[in-house]
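As structure tokens, the structure follows; a few thoughts come after it.
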Amino acid sequence: MQRAGNKRACVARKSTVPPIVAYHDSVNLYREIRSYYALYRGEKRIIGRSAEGRHIFAMFVGKHDSPVGISQYAMHAREWITALLALEQMNAGVPCGGVWFVPLVNPDGAAIVQSACRFGRSGERERSLWKANAEGVDLNVNFPARWGTGKRNVFAPASENYVGRFPLCAPESRALASFTREVRPQYTVSWHTKGEEIYWRFHQPRERAARDKRLAKLLSKSTGYPLKESPDSAGGYKDWCVEELGIPAFTVEAGNDSLTHPLGISALDEIVNRCKNAIADLSKGF
Ligand SMILES: [Zn+2]
């Protein structure tokens, strides 16, 4: 193919999204997301700070037309790999409407897990499997949606399942909730690991359940992950979006169940292959 004279090839496509780089298990996740955010040329916001003062970043892809969604990642510390999935999905684009991507909701927790894995000291097992924020609050049971009624809830700081002193007591969940109230999205997606399944139900009335299940099936078709029910959970971001905001909201557990926590870079390719187009495909369903 002759390159000379091909004018179109000379016009670089102006992208707002920085290129994806190759990551290693030694990646400093917070630093990576922060520099991606610095390079990102689209609309962007710092929506709050973590308990230890790290920023929580949000970046908008697409247009401010219907539907606008929020997709959030790495709320559970040991599930930090999903933050890198966020960047891949941003690069895949949003064909209908737009999406606010919040790639790293729990930056302190991710740092706890990453440093425990890096130093590999004995006695670090609990910290390498940490899910909570730095204060031992599990952010995904800290939302005001039947708060404190989950079957596995605990009521003192812990590596997982502690609901907090009151709903939204953690700065990270508070930041995400107030950002969500401000954006008023038409849907939200929460990315976790692992198990390859999708949750969508939280006590919806029948008509809304039909609407939400139809959309959940689009996510299922895109990822190949089946729909599941979790009647014993409460206080999650997805639960709050469904119950308080009345919008469809989904939790996707990415990554095969045979993998061990915390999932590392070696799991990323497979997760990206399955989930890269999930947000784009969902956005077409409204
Ligand atoms: Zn999780």
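Computed from the coordinates by the stated procedures, all read-outs in this text should not be read as laboratory data. Keep in mind it's a predicted model, so treat the numbers as computed, not measured. Here the Cβ positions follow ideal geometry from the backbone for every residue, glycine too, while neighbour counts run over all protein chains shown.
For the chain, lysine pairs separated by 8 or more sequence positions, or belonging to different chains, with Cα-Cα distances below 18 Å total 25.
Residue separation times 0.36 nm, minus the C-alpha to C-alpha distance between residue 28 and residue 165: what's the value? Mind showing how you got there, number by number?
Working: separation 137, 0.36 × 137 = 49.32 nm, distance 3.05 nm.
So the extension gain works out to 46.3 nm.
Evaluated at q = 0.15, 0.17 Å⁻¹, the base-10 log of the normalised Debye intensity for the stretch 169-286, with identical point scatterers placed on the Cα atoms, takes the values -0.69, -0.88.
Each residue of the stretch 155-163 was assigned a 3J(HN,Hα) from its phi angle through the Karplus curve 6.51 cos²θ - 1.76 cosθ + 1.60 (θ = phi - 60°); the sequence is 10, 8, x, 7, 6, 7, 6, 7, 7 Hz, with glycine and proline shown as x. Coupling constants for the stretch 234-248 follow from the phi torsions by the Karplus curve (6.51 cos²θ - 1.76 cosθ + 1.60, θ = phi - 60°), and in residue order they are 7, x, x, 4, 4, 4, 5, 4, 5, 7, 7, 9, x, 10, x Hz; glycine and proline get x. Based on C-alpha pairs under 8 angstrom that are at least 6 apart in sequence, the chain has a relative contact order of 20 percent. Across the stretch 115-223, Cα pairs under 8 Å and at least six residues apart give a relative contact order of 17 percent.
Charge dipole (Cα centre; +1 on Lys/Arg Cβ, -1 on Asp/Glu Cβ; no other charges) of the chain amounts to roughly 960 debye. Each peptide in 20-26, 40-46 gets a packing score, the mean of other Cβ atoms within 10 Å over its residues, and the list from highest to lowest is 40-46, 20-26.
Pairs of alpha carbons in the chain separated by more than 23 Å make up 52% of all such pairs.
Here's how it looks for residue 190: its modeled amide H is under 5 Å from those of 72, 250, 251, 252, which are all 5 or more places away or on a different chain.
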